[in-house]
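A.B. asks: One structure coming up, written as structure tokens, with questions to follow.
The values are calculated or read from the model by the stated rules, or taken from the named source; none is laboratory data. Note that the structure is a prediction, hence the values are computed from the model and not measured. In this analysis, Cβ positions are derived from the backbone assuming ideal geometry, glycine residues included, and neighbour counts consider all displayed protein chains.
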Amino acid sequence: MDEKIKSLKIKNSRELSSFLRFESIKMSHNSKAAHLASSLSCIDIMSVLFFSILNFSNRNKKNINRDRFILSKGHAATALYGALYYKGIITKNEILNYTKKGSLLEEHPNPKLHGVEAATGSLGHGLSISCGVALGAKLKNKKFKTYVLLSDGECNEGSVWESCLFANANNLDNLIAIIDYNKWQATGKTQDILKLGSLTEKFKSFGWNTYEINGHDHKEILQKLKLAKSNKNNPSVIIANTTKGKGISFMENDNNWHYRSPSYEELLKAKKELKIL
Ligand SMILES: [Mg+2]
């Protein structure tokens, strides 16, 4: 872990959320890359996962028994890069070179990086990849869990629902999916583009253990992740209701932030809101 992170002394997942939000905002500002608001919506989930749940660190990053995390919504890559930076797996220098020529930190995750288990960003594939990983663990009698984070928009893809059938048919109780249900996708509202109806009822009908939570409430996220990982039957899904652009007042629910990046003045304003010193 680098000196900067050590000196921050991040004591809990909420502090980690502020750190990850500001890292994503800085990466977006420096690179002028898109999808900042999509990262901000899932950062509380990522923080709890990386602070409290995942058996994954710099020490066991190559160990076959490590927990797997797959970011199916690959466009939120900056949230993952921040988490890998916090874990000491990627360096400050790599963060500063995000999207620059020759950098492995691309706008969508590159599996050449430790901690990136699959190339994602072509939406709708992460759940099926995770089914394969979870089935592989069962066949090899490995005890690790596979966690996958999806967007609500990618639930438009048929491959998601094929995976739901597959996971239940193979009793993948070692698979935990989380949906970042921020009610937006790319240029519009999920409800207007292709309405999803009740995700809870849909997953239930596919035989999954199903939980619906506030995806920014760390206590609730932690409680349901613990419950999901202890299930002995069937795959589990946590439907996390979230706000796109969460944490920065002038970005929340303003879909312009799907593509735009903050100016220097906006970066300073965000830093103040996050109470970053
Ligand atoms: Mg969405």
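A.B. asks: Any idea which of (1) closer than 27 Å to Tyr147 by Cβ; (2) in contact with a Ser or Thr (Cβ under 7 Å, 6 or more places away or on another chain); (3) in contact (Cβ under 8 Å) with a residue 24 or more places away in the chain is the one Lys204 doesn't satisfy?
C.D. replies: Looking at each condition in turn, Lys204 falls short on (3).
A.B. asks: Could you grab the pairs with beta carbons closer than 8 Å, sequence gap of 6+ or different chains, first residue in segment 168-195 and over 21 Å from Leu227 (Cα atoms), second one among the aromatic types (Phe, Trp, Tyr) and within 16 Å of the ligand (Cβ to nearest atom)?
C.D. replies: Close Cβ pairs (under 8 Å, with a partner that is among the aromatic types (Phe, Trp, Tyr) and within 16 Å of the ligand (Cβ to nearest atom)) amount to Thr190/Trp184.
A.B. asks: A further question on this structure: Among (1) without any contact (Cβ under 8 Å) to a residue 40 or more places away in the chain; (2) among the aromatic types (Phe, Trp, Tyr); (3) under 17 Å from Leu267 (Cα atoms), there is one condition Phe22 misses while meeting the rest; what is its number?
C.D. replies: All conditions pass for Phe22, except number (1).
A.B. asks: Then there's this: Being under 19 Å from the mean Cα position of the chain (by Cα), farther than 16 Å from Ala186 by Cβ and not in a loop (DSSP other than H, G, I, E, B) is the filter here, so list the residues in segment 228-261 that pass it.
C.D. replies: Ala228, Lys229, Ser236, Val237, Ile238, Ile239, Ala240, Asn241
A.B. asks: Same structure, new question: In segment 66-96, how many residues are of a type in the set (Lys, Arg), within 14 Å of the chain's Cα centre (by Cα) and more than 16 Å from the ligand (Cβ to nearest atom)?
C.D. replies: Of the residues in segment 66-96, 1 are of a type in the set (Lys, Arg), within 14 Å of the chain's Cα centre (by Cα) and more than 16 Å from the ligand (Cβ to nearest atom).
A.B. asks: Would you call Ser39 at pLDDT 95 or above and either within 25 Å of Leu222 (Cα to Cα) or of a type in the set (Val, Ile, Thr) (or both)?
C.D. replies: In short, yes.
A.B. asks: While we're looking at this one, here's another question. Does segment 262-277 hold any residues that are of a type outside the set (D, E, K, R) and in a loop (DSSP other than H, G, I, E, B), and which are they?
C.D. replies: Answer for segment 262-277, where residues must be of a type outside the set (D, E, K, R) and in a loop (DSSP other than H, G, I, E, B): Pro262, Ser263, Leu274, Ile276, Leu277.
A.B. asks: Quickly run through segment 71-88 and pick out the residues that are outside any helix (DSSP H, G or I) and surrounded by 24 or more Cβ atoms within 10 Å (Cβ to Cβ).
C.D. replies: Scanning segment 71-88 gives Leu71, Ser72, Lys73.
A.B. asks: To continue, here is another question. Which residues, counting only those in segment 144-174, are over 18 Å from Lys73 (Cα atoms) and aromatic (Phe, Trp, Tyr)?
C.D. replies: Matches in segment 144-174: Phe144, Phe166.
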